[in-house]
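We did not get these values from a lab; they are worked out from the coordinates using the rules stated. These numbers come from a predicted model, not from an experiment. Positions of Cβ are backbone-derived with ideal geometry, glycine not excepted, and every protein chain shown enters the neighbour counts.
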Amino acid sequence: MMWILDFGFWILERAGPRAACAFPIQNPKSKIQNLVSFFLLVPLAGCENGIDTTYGRRSGSVGGDSVNGTAVLAGMFERAGHSVSKSSRLSPRVREKADAIVWAPDDFSHPTKEVCDWFDEWWRDKPGRVMIYIGRDFDAAPGYWRAVQSGAPQGQLREIKRRLAESQNAFRQRRAGLPEKEEGSWCTVEGRRRRRDVRTLDGEWAAGVAPERTEIELNGRLVPSGGPSVPPPENDVLVHPMEPVHRAAGDAKTLLSSNGDVLVSRRAVEEGSLVLIVNGSFLLNEPLVNVEHRKLAAKLIAEVAPRQRVVFLESGPGGPPLLDKEPDEAIRSGLEIFGVYPFNWIFLHLAVLGLIFCVARFPIFGTPRSLDPVPLSDFGRHVWALGKLLERTGDRVYALSRLQHYQQNVRREPGRYRRGTSAGSAVASPFAAPPQPPHGDAPVSGAPPSSTKSIAPSSLHPQETLNP
């Protein structure tokens, strides 16, 4: 990104001396660097610890590249031949067009009754529709920092460990208020169960998957509804080392499980089916780096009939809004392109360059005006130029001899530099030549030697007198 700064200084150089006069700052580079840094840091305002952790988003400037996003899973659906789109609301258009819905809500609670009723009607409208619900009780940020830590330089380990601890604490705080059990029409949410890593897999989906290579984790549990279930032991809360025994209830069919914990189940609902997934530890963007997780994602995609219209539903706490009619289409003005990637970044960079150019050309003291021309008849400028030339010679004796020649021959003041000037005569010139010793005598004390000696120009002071 520093090419923006380099281009900005190129603009300043091309602007010429007038721009330099109109922009008199002591350190323009530092101010422009601060300006560019501000614009580069604005897009990172929604990121946590340098990475995007927005949950359950498929695309967008915020959430599209999140470790907790669904962009990779959506891409796998597209490569399987499905038509994929996204929606942040349950509207008549979604109800009519969607053949399958993938929903990874940023909400630890069970979906509301109104949302469940909407899906019941959606299932009844057309047979064979599939609803895929991914539980929220997982965060990919700690796994990302653990993966980065293994290959990081020694000097960055401390910072990575700090960010790992922050992401773990943030996730614990979000799930701290989960109830021990929350029953709903789809499942029962058990939020106070002991966390564990999955090391064994059972069920139809376990075929061809190496469980020891997976990185699936369980925090809370989602027990499918529909009938009585085997309750966990009383001491299986938070810390007990024994593994609980849970089985899918009612007509729910277990597709993937581990030591009795249901990971994926499928249940017939109305004219369609509900695929219930305990969490996104093998379906979100960061976990899908694992090859074994991609095998499980492929099995999930196979649960949907070929060439269907799949909608990725995005929502936060409380669930998506329910609409009785489609919102009015806004009149397109062409400004929508400023929010479309990658044009939003391109236009941002162009705006920064334009701002740098305006700052370089903007006059500080009001309306620009022409400077007064330098008078050519100013004799003082000739004297100043001659003095600079004499200074460049570096020869003090030669410079004084030229001044003496000027005073005696041009201004015709031959008596001004004679030795033994009386008190009533003219004061000796400060540029008078040094006294010369008589023939055969030693040099006068304080006088320079007869040979020419280079003296620094700064030693030539206007108030210096050379009279003994």
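Computed values, structure above
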| read-out | value |
| --- | --- |
| Charge dipole (debye, nearest 20) of the stretch 47-324; +1 at Cβ of Lys and Arg, -1 at Cβ of Asp and Glu | 560 debye |
| Amide proton proximity set for PHE312, modelled H, under 5 Å, gap of 5+ | SER85, LYS86, SER87, VAL102 |
| Using a Förster distance of 41 Å, the FRET efficiency for ARG174-ALA207 (Cβ separation, nearest 0.05) | 0.75 |
| For the stretch 370-386, Karplus couplings with θ = phi - 60° (6.51, -1.76, 1.60), whole Hz, Gly/Pro x | 6, 6, 5, x, 6, x, 7, 8, 6, 5, x, 5, 5, 5, 5, 5, 5 |
| Label point distance in nm, LYS295-LEU371, each placed 7 Å from Cα along Cα→Cβ | 7.7 nm |
| Table column - 3J(HN,Hα) (Hz), the stretch 268-274, Karplus curve with 6.51, -1.76, 1.60, x for Gly and Pro | 6, 9, 6, 9, x, 8, 10 |
| Approximate spin-label separation ALA147-ARG392, in nm, with each point projected 7 Å along Cα-to-Cβ | 6.6 nm |
| For TRP186, net neighbour charge (Lys/Arg +1, Asp/Glu -1) across residues whose Cβ lies under 14 Å away | -4 |
| Pairs from LYS253/LYS325; LYS97/LYS299; LYS97/LYS253; LYS126/LYS299; LYS161/LYS181 whose Cα-Cα separation, in the structure shown, is over 29 Å | LYS253/LYS325; LYS161/LYS181 |
| Amide H contacts under 5 Å for LEU263, placed H, 5+ residues apart | LEU256, SER257, SER258 |
| Around GLU286: net Lys/Arg minus Asp/Glu count, Cβ-Cβ under 12 Å | -3 |
| DSSP-defined antiparallel bridges as percent of all bridges, the stretch 47-324, nearest 5 | 50 percent |
| Alpha carbon centroid spacing (whole Å) that separates the stretch 124-184 from the stretch 342-398 | 58 Å |
| Under-5 Å amide H pairs with SER66, H placed in peptide plane, nonlocal only | none |
